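Encoded as structure tokens, the structure appears first; notes follow it.
The values are calculated or read from the model by the stated rules, or taken from the named source; none is laboratory data. As the structure is a prediction and not an experimental result, all values here were calculated from the model. For neighbour counting, all protein chains shown are included, and Cβ atoms are generated from backbone atoms with ideal geometry for every residue, glycine included. Heavy atoms of the whole protein, side chains included, go into the accessibility calculation; ligands, DNA and RNA do not. Shrake-Rupley method; radii C 1.70, N 1.55, O 1.52, S 1.80 Å.
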Amino acid sequence: MYNEDLQLKYKFHNLKHLDDNNHIIDKISNDSIDSINVYWLGKRKYMPVWELQKEVHKKRSKNEINDIILLLEHEHVYTLGKNADKNHILSNKFKDTEVIQIDRGGDVTYHGPGQLVGYPIIDLHNYKMSISWYLNVLSESIINLLS
């Protein structure tokens, strides 16, 4: 278990009313740089959010924005990593479920309505340069939230 207390400032923003990535990027670009900004996007198709993540990552890499977390639900979608086996997709998939090949590792992943998805886009230089530390903090944060 992770025992180190981490004091973070965050601000929550509801962006579910914005339907265009350019508007979302404009909002993100003008928000606080002294806290982690958490954005609720509502229910979204996968590909526009994938493109949004790439744009946000570019801005974060250039230090144009502070750390952010995107929270949302996806429409029904299966994503296939680089080495995914399409035979792992359930045959009783939901009607109109997208199947998208993406450039990450892993096999088949399902996302859909009712499933909370979080995409943290943060610079570990601001915290601790350790993947194991980051995964422990992430796990503890989720456990604490749910308890």
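Just a few scattered comments:
- Every condition in (1) touching a helix residue (DSSP H, G or I) at 6+ places or on another chain (Cβ under 7 Å); (2) closer than 28 Å to Asp107 by Cβ; (3) assigned to a loop (DSSP other than H, G, I, E, B); (4) not acidic (Asp, Glu) is met by Pro48 except one, and the failing one is (3).
- Evaluation of Asp67 against (1) closer than 22 Å to Leu18 by Cα; (2) open to solvent by 40 Å² or more (accessible area, probe 1.4 Å); (3) in contact with a strand residue (DSSP E or B) (Cβ under 6 Å, 6 or more places away or on another chain) (one fails), failing number: (2)
- Selected residue (criterion: nearest to the chain's Cα centre (by Cα)) from residues of the stretch 105-128 that are in a loop (DSSP other than H, G, I, E, B) and under 22 Å from Lys62 (Cα atoms): Ile122
- Among the residues of the stretch 82-105, those identified as under 23 Å from Lys43 (Cβ atoms) and touching a Lys or Arg at 6+ places or on another chain (Cβ under 9 Å) are Glu98, Val99, Gln101, Ile102, Arg104.
- Count of the stretch 70-97 residues which are of a type outside the set (S, T, N, Q), within 25 Å of Tyr39 (Cα to Cα) and either open to solvent by less than 60 Å² (accessible area, probe 1.4 Å) or in contact with a helix residue (DSSP H, G or I) (Cβ under 6 Å, 6 or more places away or on another chain) (or both): 8
- Hey, Val117 open to solvent by less than 60 Å² (accessible area, probe 1.4 Å) and closer than 30 Å to Lys86 by Cβ or not: yes
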